[in-house]
Amino acid sequence: MATIESSGVETKTLPIQLPLDFSSIQSVPESHAWAESNEDKVENNGDGSIVLPIIDLNDPNAMEMIGYACENWGAFQLKNHGISKSVIEELEVETKRLFDLPKEQKLKALRSRDYPTGYGTFWITPFFQQRMWQEGFTIIGSAVQDAKKIWPNDYQPFCDAMKKFEDESRVLIEKLIHLSFKFLGISEEEEKNWVGPKNHAGAIQLNSYPICPKPENAMGIAPHTDTSIFTLLHQSQSSGLHIFKDGSGWFTVPLVPDTIIINTGDVLHMLSNARFKSALHKVSVNNVKHRYSMVYFYRPTMDQVVSPLVPNNNSDEEPRFRALTFKEYVGIKDKYLDKALSIVSVKED
């Protein structure tokens, strides 16, 4: 059994499940075969009528566009985001170096019952009967301890790349928190409670989606929402992320050069009093390219109390969620997964 936290970080006891040895797989085993329902089908966005917003952070109207995207999609793609090209390139190189290793070498950093970081499957895996076509690596804080297990004498390039990615991701997300809180009418004084080293906890999740012989029968990662405030994602090699839009269904997030994907999580959904979506998303695989993604989750500390931050100018608006610590919410999500938000809701939509 391993511990698990929503948004990719483990905190509760669930069975450990090992990733497949994808290097030796010629067909999709029964354990990884998913039957697609009509509700799961993805639109190709071929006519361009509905697309995930692409926002330039330098645009004078960026705040309004971010607010609109969070209200209607819970996600957007961001240009001029400030994460340097060299950091992204190093991140891709080191992520590929990790997952290209033989399985027995990666297993040296396998997550354990008592140690929640390192190599393994995605955190939602135990909630589903069928397995996912994915392997992952979770980093909380320094990557050194796990990296040393894999590369005793050559771990520093990996650790340096992860640290640079985390540092620049944190700076970007704190800008987005400032803009989104301003859009919601939340005061800068209140904003201070949600940013800075004492008020947040970050985590990195690296994902590998090997080439799949029959992708229509496999699932990269099943539908879920994150527990984060914001989640930042870079997808490499090919597109595979899909976002659900109320009233329209599933849409593919295309691979747009020099952009970063941002999605809102459950915490921001609660802080905004349900004004912002918590993005429901999933991942598909393909039979052409090995796909990688690199994710940074910006979350509150475990003892931080999460409750709607109803602005003063909307003082008549009733809270839709009860107040609880982030640790309490993580415990609920770890037990009930997609029902967690409805469990802490005090007002029906």
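Here are some notes:
- Relative contact order (percent, whole number), the stretch 93-184, Cα cutoff 8 Å, 6+ residue spacing: 22
- Calculated FRET efficiency for the pair Asp246/Arg97, C-beta based, R₀ 41 Å, to 0.05: 0.55
- For the chain, the solvent-accessible area with a 1.4 angstrom probe is 44 square angstrom per residue.
- Using a probe radius of 1.4 angstrom, the carbon and sulfur fraction of the accessible surface of the chain is 49%.
- Taking the average, over residues, of other Cβ atoms within 10 Å as the packing measure, peptides 241-253, 18-30 rank 241-253, 18-30 from highest down.
- For the pair Glu318 and Lys163, a Förster radius of 41 Å applied to the C-beta separation gives a FRET efficiency near 0.45, rounded to the nearest 0.05.
- Charge sum, other residues only, whose C-beta stays under 13 Å from Met63's C-beta, Lys/Arg counted +1 and Asp/Glu -1: -2
- On Cα atoms only, tilt of 326-336 relative to the major axis of the chain in degrees: 60
- Rounded to the nearest 10 Å², the accessible area of Trp194 at probe 1.4 Å: 10
- Nearest 10 degrees, 0 to 90: helix 85-99 Cα axis against the chain principal axis: 40
- Rounded to the nearest 10 degrees, the angle from helix 156-184 to the longest Cα principal axis of the chain is 20 degrees.
- Cross-linked pairs Lys79/Lys175; Lys79/Lys277; Lys149/Lys198; Lys79/Lys282; Lys85/Lys108; Lys282/Lys339: Cα-Cα separations exceed 24 Å for Lys149/Lys198; Lys85/Lys108.
- Contact order normalised by residue count of the chain, Cα under 8 Å, 6+ apart, percent: 22
- Dipole in debye (nearest 20) - the stretch 211-349, about Cα centre, beta carbon charges: Lys, Arg +1; Asp, Glu -1: 440
- Charge sum, other residues only, whose C-beta stays under 14 Å from Asn263's C-beta, Lys/Arg counted +1 and Asp/Glu -1: +1
- Signed unit charges on C-beta, dipole axis of the stretch 54-152, positive-most listed residue Ala143, Cys70, Gly82: Ala143
- Highest average packing first - 149-158, 74-83, Cβ atoms within 10 Å: 74-83, 149-158
- Net charge in the neighbourhood of Glu30 (other residues with Cβ under 14 Å of its Cβ; Lys, Arg +1, Asp, Glu -1) is +2.
The values are calculated or read from the model by the stated rules, or taken from the named source; none is laboratory data. In this text the structure is predicted, and so the values were computed from the model without any measurement. Every residue, glycine among them, receives a Cβ derived from its backbone with ideal geometry; neighbour counts consider all protein chains shown. The area values use the complete protein model at the heavy-atom level, side chains included, leaving out ligands, DNA and RNA. Shrake-Rupley method; radii C 1.70, N 1.55, O 1.52, S 1.80 Å.
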